[in-house]
Each structure stands twice: as structure tokens, then as C-alpha cells.
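Everything below concerns the one structure shown next.
The values are calculated or read from the model by the stated rules, or taken from the named source; none is laboratory data. This is a predicted model, so every value here is computed, not measured. Cβ sites come from the backbone with ideal geometry, for glycine too, and all protein chains shown count toward neighbours.
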Amino acid sequence: MILSLIVFLPLAGALLVLLAGGSGDRPDRERVVRTLALAVSLVTFVATLLLWWRFDSSSADYQFVERHAWIPAFGIQYLVGVDGISLFLIVLTGFLTPLALLSSWDSVHKNVKMFSFFLLALESSMLGVFVSIDLFLFYMFWDFVLIPMYFLIGIWGYERRVYAAVKFILYTMAGSVLMLVAIIGLAMAWAQASPTGTPSFNLLDLQSLTLSWPLEKWFFLAFAIAFLIKVPLFPFHTWLPDAHVEAPTAGSVILAGVMLKMGTYGLVRFAFPLFPSAAMHFAPWIAVFAVIGIIYGALVAMVQPDMKKLVAYSSVSHLGFVVLGLCAMNVQGLEGSIYQMLNHGVSTGGLFMIVGMLSDRRHTRLISEYGGLKAVMPRFVAAFLLITLSSIALPGMNGFIGEFLILLGGYLWNSKFAAFAASGVILSAVYMLWMFQRVNYGELTNPKNRALPDLTPREWALVVPTIAVAIAMGIFPVAFLRPMEPAVKRTIERVTGRSFAQTPAAGGWRLAIWNGGGVDRQPPRRESPGFKPPAGVEPRTATREPRSAGAKNHD
Amino acid sequence: MTEYLGLIPLSIVALSAAAAMLAEAFRQPGERMWIAGLGLIGLFGAAIASGSLWNSDAHSMGVIRSDNFALFINIVLCLIGILTMVFSNEVIEREHIPAGEYYALTLFAICGMMMMAAATDLLVIFLALEILSLAVYVLTGIRRSSAAGAEAAFKYFLLGAFSSALFLYGVAFTFALSGSTRIEDIGMALSAQASGSPSTVALLAVGLLAVGFAFKVSAVPFHMWTPDAYEGAPTIVTAFMSTGVKAAAFAAFARVFLSPLEPLQAHWIPVLSAIAGITMIFGTVVGVVQTNVKRMLAYSSIAHAGYILLGIVSANRDGKAAILFYLLAYAVTNIGALGIVALLGTGRHQHDELRDFSGLWRSRPGLTGLMTVFLLSLGGIPPTAGFIGKWYIFSAAIQRGHYWLAIIGVLTSVVSVFFYLRIVVMMYMTEGSETERPRVAAAALAGLALAVIAVFYLGILPTRVLDLALESISTIL
């Protein structure tokens, strides 16, 4: 019950907001609506924390599973559950939505009722994406997410909002619909293979399906393109800067904080485990684009005059890291990726809030309009600095753990990728610190900046939780990595066929990443039932660098 | 007596049509009379009759068969009729459309549509086709003062007559082939000849019948009349005919092609597949550049005909059930969307240009919300009826191995979302024009509420209706 409660609570809140807001745009109801929406999102956040608290960290299975027949004739179920991979994305969604609502407190005044409605509806559908195990249910949430976001950008955005909103929805939808064809194809393949002849959309069923190589290849590509557009991986990233720049602050926070992760989550939850041999086949290619994206995003970010655009391109770069870690498909890479998804949500969400605060005060986001802000708003600059450091992965902050693990995993897989990707870490320090310096240090040259007020109490409420989480995640990563690990290991087993030693190392429980990720103790590759490598693809044997040898075969 | 059971639903509608005519004749000049009420009584009666005939498979005189397939379509048609009636009252008054004629013709058209869905004899299908077509031609041009209406009606009439002739020609060839116009006899004759390649006569017969149906469902390249007729007709008539004619024509199309002509599948499936693909692409691509909402929805209806054709070329159990589900989903959605356009029009001003919708959000937030739901459903976005309809149709096509048609289908859906969103952009994201917009009556609002509930019901809990659709096709397997 708790999962359905979490997913549909915001939606119920959204409908309540519609009722409370009266008909039409009623500025006199603004306060009621805002408070109600915030309260609903906070209750949802508490519920997600409760989920984390009750989550069994030692299990790799789906927990809190709910299963109801929905369209039985087609094997469609309402099937939801949570494992270590999705758990924190749910918590992240719960964490960022109240902040997004709060960040728009003073900047959005046009029809607050509908704004809150769309934001809460968006939260519901994103949570739905993360809990669905049935592919049909997943697709419904996945596709519906676009609608509230489209309205948020198109109605409450900046100057070119209509263009950005339409580009956003068409671009991402064009990718998704091919996935719909693949999902249907997959269910039909199940219907042919199963004795009853009914299709199934259950992920756990479909994972055990053996597909012919051409089918597997095309299905994987259809899934992967849908997810990679959402990530967005270079060269599919062109919708992102437009959408980010034109979206209102709350939209940017959610877009960067949660929606981009739907793409990487889709890869690790659906695309890789459903089509393991195709995933292994294409992983090096995806990694190449991920590395190009890391460097390209960083270089383009460096020359942006607009702060929001800079942060948007930095997302392209950071998400490149996440995809690289996924492609490595080892414990370090995968845990790093999932960790980095959370980090990016916290720190980039924080950066968009910071930019939003400046933009609320001065109605411009151009770096050249600022300079020397330290003199007038020192507390704001301190918060800005901490969030910047979190974004550029300073040791002790959250970003470091994620990027370090990804580079480690990438190195174990293929040292060349890791070497190129590492340059992205340096470049990110360059573009972020350079922007920070131009905005905050130096002479206060622009007279319009002389009287800027420092952080208001509401803004304190935005930056304090963000920074606290960033530091906590930098200091206690184990609290997050531990619940992830069983699910991560199971995913790796499913995709690569490697198996992990069951007994924990001597001296109590330790994370696999600290003792070599189980790489040392691997028995020869297990032939899982249901998995048949296509002709020309050798099953990978476990070596210290299990993937690089195999990857060469395909090149 | 059981001989006449199958005729009950359409007789009820015919009676209410006659009552509407008489009511108009006996109406004193200037007297207000709620003629729509007569129609509503008839339509509710027909729906109830159809419901109680469910599973009875009543044959009448060997040419009308009220099997579940026909009854499902009957209920869809009653729904279309009821929604049309509740939207009509104010609209026809504002547009100075003669009420008696309007309601009588609409009801006679529905009667023809029901007959078409239930007919099992090609000649009766032709008869039904003519009943509904003649009524709809007149409805198209019912605003006698409007030049566009007259032009649309004339164009529709000429091309429609032409297509009827082709259809009749196809019936003649079929008769030459099998010595009968009864569907089951044709089926038997064809399967007897199934060995070896079919004769030229057989191919001609199939081709001409396909052309006749393709005209009525407005598939490319037989769609020429659609945009002009939809634009020129009063909006409420556009709403009615875009959904009703399509439902009836597809019902007969499926009944004729999916059982008696099954032995010739290998010959007509490739042709109809090509037509389906071209129809989907053409309808959406041309729809993108339209600036008139009625014309845009006309092209969208062409594209939707392409999607439904996928169900026909899938020629499997799911394909047939998907046609039924899609027709229902399309009916409630499209009549809702066009109904809103009609309700916003005044006598002087049609409210059908894109710019007329600018800023609608500020003056009519509720109607804008409903319109958004209908447009998203037309675009096939979950959780609406349009999404489930498309999903089901594409599933059937993929099951049959028509991967390419499914891919064309999903990609054209994305393109179509672009033009549906143009209306949304106008409504929400453009500052308002000071267009004069009339009040919407309570009955019409109730109708819209019914349509929107249906859209969400079919989109979120489709199980019941999907099962009914699957039950309905047992007689045309």
C-alpha cells in the first residue's frame, strides 16, 4: 500500500489544489493553494523517508510489491515495487518537489493553482516511473510525465518558452514511441513462447525471455534511444539547453534533478537487463558517446554567457559520467552511476535554485551582468560556493564519491574511457569556478547590484537542506551504497552473467566496492538459462578486466 | 416475431426521426419545442434495445444480423447521437439551422449507420450507405445561406455518388463471381475457388469494394472530399459525421473484408497496408500546416482512418476488436473536441480558426481543460482513451508482423501531437483575443462531462470494454 500511497498522494493533492483554488485565476486564493501544495509534497517526502527506513538493505528483491490484475486479457498488471536502485530516486523526487514549490514562491504569480497542480501531477508521474515493474504501466507514466512538464515550461517559462516546450515534448516523445513498439513486440514474443499464449508486460517475466539476435538488437536500440534522448546523451542533447533555459526555476530543478535520471534509470532497470547481449554489444559505443558528451558538454559550458545555459550543459557532461558508469557494468561503475544520479539531482537542483534567486532579483541570468556579489550578499555567496563545490566533486562532498566510483569502474573496464572521462572532472572545475569567480568576486561594477538583498528566510529553507544533503552524502556514502548493493549485484549478474561470492568478507559486512567488487573471486561465466549469446559474440570470461577483452571482439 | 428482433434498435431510431419530422410540421411558427428530446428518447431506447439484444445474435430476413458486432457499433452510434443532440440545441438556434429537418436528418443518418453495421447482404449495405449518405449530404449544406456549406455539400455529394457507383460496380462483380450478394454465400463461393490464383473478376470485385469503403472512411487517395466537407459543414455536423460515418463505414468494411473476402487476403492486405501507411503519413503531414481547426481535425480524422485500417490489415482477432475499441475511443474524443468548437461558435463567427482560440484559458478555464484532454487523447497520450486505442491497434499490427506500419503509426502520432499542441499553445500560451464567446448550456456541459469521463474511463480502466469488444467479434471471425 505504501507505494501506491506515495505515487498517488501528490495526484490527490493536485486535485485538491484544483478544488481549493476556485475557478479561474484567483490571486486571493494564492496563499491557500501554495500552502496546501507544499504540505502535500512534504507529506509525500516524509512517506518516501518512511519507505527508506522500512527498506530491507540486505535484499536484492523488489520490496513493498503490490500486484493487481489490470487488463488480464493482455497480461497487464498494476505491479509496483522498489529495490535498491529505485529507492533513492524516489526519495530524491520526494526531496526536490517541495524545494521546487518553495523556489517558485515569489517568482510565480500567474495562476498559481494550475502551476501547483502541474507540479504535483508531475511528481506523481515521476514516482510512478520509478516504482513500475510492469512495462505497460511504466510506459503510461513515462509518457504522461511530458504533459505537466510541457505546461510548466510553456506557460511559466521565459521568453522563448513555447518553442522550448514544443521542442521538449516532440523530441522526447519521438524517442519514446519507438520504445512502445519494442514493448509491444516483447510482450508478443512472450505470448508466442508461453504455453497460455497471453502476452506479459511483467519485467521479471520478460527478463527470462530468449530473443533472436536481430530482434534483441532492434528492441535494445529502441529502448536505448528512448532513454538516451531523455538522459540526454550527446548527440541527442539539443533539446536540453532550450528546455532548461526557458523553464521556470521549479521546472529546471525538477527537469535536471529528476527527469534526466529517468533516462539513466531506464537503462539500468529495463534496457540492460532485458537485452543483456545486445547491451554488452553496444555498451562500448554508448560509452564512446558518453565520453564525448562529458568533454563536449564541459567545453560548451565553459563559453556560455548565460548561467542557466552553463548549468544545462554541465548536466550533459555530468550525465555522461553516469552513462559511462552504467556501461562499465561492474559494481564500482554501477553504484557510482546511481550515486551520481542522486548527486546530480541535489547539486544541479541546488545550482538552478541559486541561479533562480539571482534571476528573481535582477531578471537576468547573464554572467556579465554580475560581479563582486560577495560584497553585498555574503551569505548567498557562501551557499553558492558550497553548492558549486558539490557540483565539481570536491572530496568530502557528494559529487566526489560518485565520480570517483565511476572513474574506478570505468578504469577496471577500459582504462582509455576513464582517462578521457577524467579530463571532464578537471574541466568541470574550470567552468564552474570560473563562473563563480566572475559572478561573485572582483569589483562590484554594475550599480544595479549594489542594493541586492541577501538570502531571505525562504531561501535559507532552500539552500540549507540542499547543502546538508550534499555534505552528508559526501561523508556517509555507505548509508546510501549499502541498500543499493544487492540490487546492483543482481543487475550485474543478469547483464554480464558474472556471479558474486555470497559470503561477505571477514570482519563483518563490507561494501563490495572496497574489496575489489568481487572481481577477483569470480568463477567462470555462468550460463544462465534464458541467455543465449548470438553467433559471433563470445560469452565473456571473468578476468580482472572482464569487459575489455570481450568488447574488442565486437569492434 | 423473432424475425424482426434484429430490427428493433434501428426501427426505434427511425420512429423517433419520423416523430421529429412530425413535430416540426405541427409546430406553430415561433413556438419553442424541444425536438432534441424526441431524438434523445429514441437514441436511449435504441441503446437499451441493443443492450438487451446482446448475445442473442438475431437474424432478420437473412439480410440484417444484430450480432454483438453490430450491437457494439449501435451503442457507439447511440452515444454519438446523444452527444450530438445535447450539443445541438443552442448551436442550431445560433446558426439559424431549421431544427426539425436537422434532427430528423441526423436521426435518419444514424438509422442508416445502424443498418450498415448490421447488414449481411451487399445490396443492403449499399442501401444503408445511401440512406446515411443522403442525410449527411443535406446536413452538410443545411445552412442555405452559406456559400461554403453549399460548395462542401456539392463536392461531397458528387464524390460520394461516384464512390457509391464504384461500390455498386464491385457488388455486381461479386454477384457475377458467386451468384449471390449475401456475405456468407460469397465467402463460401470464394473459399471453394480458393485453390489456385483468383480470377480477374474476383480481384476487380475486391478492388472496387475496397475503393468504395475507402471513400467513406476517407483513406488516402480517396480523401479529397473530407477537408472541404468538414470545413464547410456546420461544426456540429462535422462532429457528427466525422465520428458516425466513420464508425458505420468501418463496421461494414470489417464485416465484408474480414470474413467473406478472407480467402483473398494475400491480395488485398498488401494494397490496404500501403493505403494505411500513406493515409497515416498524409493525414498528419498535411494536418501540420493547417490554420483552421476544423480542417486540421479533418486531416487528423484522415490519419485516424489510417490507424483503424491497421486493424483491418492485421486481420486477426485483436485487430478486429481493436477496430471496435478505437471507433469508440475516437467517437467520444473527437465529438468532444469538435463539440467544443461548435459550442464556442456564434451565428456570425465560426470560432474555427487557430487564432480564435488564443487566450481561451483566461475566459473559459473549464472548457479549455476539457479541450486539452480531448486533444491529448487524439494524440494518443496516456492515460486517455486514445492511448489505449492506439496501443491496441499497434499490438494487433505487430502481432501480425506489420512492424513497419506500427512504426509509421507511432511516428505519425508524434507528428500529430505537434498540431494538436498548436491549439493547446493558442489556448494557454498566447494572449487573448477579444473574441465574443457565447455561454455554454448546462445540457451541453453534461454531454462534455460524459465524454471526458468516457475518455478517462477507457484510458484507465479499459478492461471491461476491451472484453466486450473481444466478445463482439465472435461472429465475424
| Does segment A:455-476 hold any residues that are among the charged types (D, E, K, R) and surrounded by fewer than 13 Cβ atoms within 10 Å (Cβ to Cβ), and which are they? | A:458
| remark: Selection from segment A:16-38 of residues away from chain B (no Cβ under 14 Å) and either free of Cβ contacts under 8 Å to residues at least 12 places away in the same chain or touching a strand residue (DSSP E or B) at 6+ places or on another chain (Cβ under 7 Å) (or both) yields A:28, A:31, A:35
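Residue-wise test of (1) touching a residue at least 12 places away in the same chain (Cβ under 8 Å); (2) crowded, with 18+ Cβ neighbours inside 10 Å.
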{"position": "A:411", "(1), (2)": "no, yes"}
{"position": "A:414", "(1), (2)": "yes, yes"}
{"position": "A:417", "(1), (2)": "yes, yes"}
{"position": "A:427", "(1), (2)": "yes, yes"}
{"position": "A:430", "(1), (2)": "yes, no"}
{"position": "A:437", "(1), (2)": "no, no"}
{"position": "A:440", "(1), (2)": "yes, yes"}
{"position": "A:443", "(1), (2)": "yes, no"}
{"position": "A:446", "(1), (2)": "yes, no"}
| field | Members of segment B:10-63 that are buried (at least 19 other Cβ atoms within 10 Å of the Cβ), among the β-branched types (Val, Ile, Thr) and under 15 Å from residue B:77 (Cα atoms) | value | B:12, B:13
| message | For the list (1) surrounded by fewer than 24 Cβ atoms within 10 Å (Cβ to Cβ); (2) without any contact (Cβ under 8 Å) to a residue 60 or more places away in the chain; (3) of a type outside the set (Asp, Glu); (4) more than 9 Å from chain B (Cβ to nearest Cβ), I need the number of the one condition that residue A:155 fails. | response | (4)
| task | Give the residue that is farthest from residue A:179 (Cα to Cα), with candidates limited to residues of segment B:425-442 that are within 11 Å of chain A (Cβ to nearest Cβ) and touching a Ser or Thr at 6+ places or on another chain (Cβ under 6 Å). | result | B:430
| request: Looking only at segment A:120-144, count how many residues are touching a residue at least 60 places away in the same chain (Cβ under 8 Å), more than 10 Å from chain B (Cβ to nearest Cβ) and within 17 Å of the chain's Cα centre (by Cα). | output: 10
| Among residues of segment A:195-208, those that are within 14 Å of chain B (Cβ to nearest Cβ) and either closer than 14 Å to residue A:274 by Cβ or surrounded by fewer than 17 Cβ atoms within 10 Å (Cβ to Cβ) (or both), counted | 4
| query | Counting only residues that are more than 13 Å from chain A (Cβ to nearest Cβ), assigned to a helix (DSSP H, G or I) and within 17 Å of residue B:419 (Cα to Cα), how many does segment B:341-369 have? | reply | 5
| remark: Among helices (runs of 4 or more DSSP H) entirely inside segment A:82-169, those with 1 or more residues being among the acidic types (Asp, Glu) are A:112-131, A:135-144
| request: Filter segment B:396-411 down to residues that are of a type in the set (A, V, I, L, M) and touching a residue at least 40 places away in the same chain (Cβ under 8 Å) and give me whichever is nearest to the other protein chains (Cβ to nearest Cβ). | output: B:406
| task | Pairs only if they're at least six apart or on different chains, beta carbon under 6 angstrom, first in segment B:152-171 and buried (at least 20 other Cβ atoms within 10 Å of the Cβ), second outside any helix (DSSP H, G or I) and not polar (S, T, N, Q); list them, first residue then second. | result | B:152/B:233; B:153/B:141
| task | Scan segment B:96-118 and give yes if some residue there is more than 25 Å from residue B:142 (Cα to Cα) and within 21 Å of the chain's Cα centre (by Cα), otherwise no. | result | yes
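For the condition farther than 30 Å from residue A:129 by Cβ and either facing chain A (nearest Cβ under 9 Å) or among the aliphatic types (A, V, I, L, M) (or both), what is the one hit in B:468, B:421, B:461, B:378?
After applying the criteria, what remains is B:468.
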| query | Here is a list of conditions, (1) in contact (Cβ under 8 Å) with a residue 60 or more places away in the chain; (2) hydrophobic (A, V, I, L, M, F, W, C); (3) touching a Pro at 6+ places or on another chain (Cβ under 9 Å), and residue A:85 meets all of them except one; can you say which number that is? | reply | (3)
| task | From (1) among the hydrophobic types (A, V, I, L, M, F, W, C); (2) crowded, with 23+ Cβ neighbours inside 10 Å; (3) at pLDDT 90 or above, pick out the condition that doesn't hold for residue A:211. | result | (3)
| message | Go through (1) among the small types (Gly, Ala, Ser); (2) within 14 Å of chain B (Cβ to nearest Cβ); (3) in contact with a Ser or Thr (Cβ under 7 Å, 6 or more places away or on another chain) for residue A:107 and report which single condition fails. | response | (2)
| Among the residues of segment A:96-105, is there at least one that is without any contact (Cβ under 8 Å) to a residue 12 or more places away in the chain and either closer than 27 Å to residue A:36 by Cα or of a type in the set (A, V, I, L, M) (or both)? | no
| From the list A:191, A:165, A:224, which residue is buried (at least 24 other Cβ atoms within 10 Å of the Cβ), within 12 Å of chain B (Cβ to nearest Cβ) and either of a type in the set (Gly, Ala, Ser) or touching an Asp or Glu at 6+ places or on another chain (Cβ under 6 Å) (or both)? | A:165
| Scan of segment A:277-332 for residues that are in contact with a Cys (Cβ under 6 Å, 6 or more places away or on another chain) and of a type in the set (Ser, Thr, Tyr), ordered by number | none
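If you check A:33, A:40, which single one turns out to be crowded, with 19+ Cβ neighbours inside 10 Å, touching a helix residue (DSSP H, G or I) at 6+ places or on another chain (Cβ under 7 Å), among the β-branched types (Val, Ile, Thr) and modelled with pLDDT under 90?
A:33
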| query | Based on what the data block shows, is residue A:498 outside any helix (DSSP H, G or I), surrounded by 14 or more Cβ atoms within 10 Å (Cβ to Cβ) and basic (Lys, Arg)? | reply | yes
| field | Answer from B:32, B:65 - the residue that is assigned to a loop (DSSP other than H, G, I, E, B) and basic (Lys, Arg) | value | B:32
| task | Could you list all residues from segment B:457-472 that are touching a strand residue (DSSP E or B) at 6+ places or on another chain (Cβ under 7 Å), assigned to a helix (DSSP H, G or I) and buried (at least 18 other Cβ atoms within 10 Å of the Cβ)? | result | B:466
| request: Report, by residue number, each residue of segment A:36-69 that is in a strand (DSSP E or B) and of a type in the set (A, V, I, L, M). | output: A:65, A:69
| task | Within segment B:373-414, track down each residue that is assigned to a helix (DSSP H, G or I), under 18 Å from residue B:465 (Cβ atoms) and among the hydroxyl-bearing types (Ser, Thr, Tyr). | result | B:377, B:392, B:395
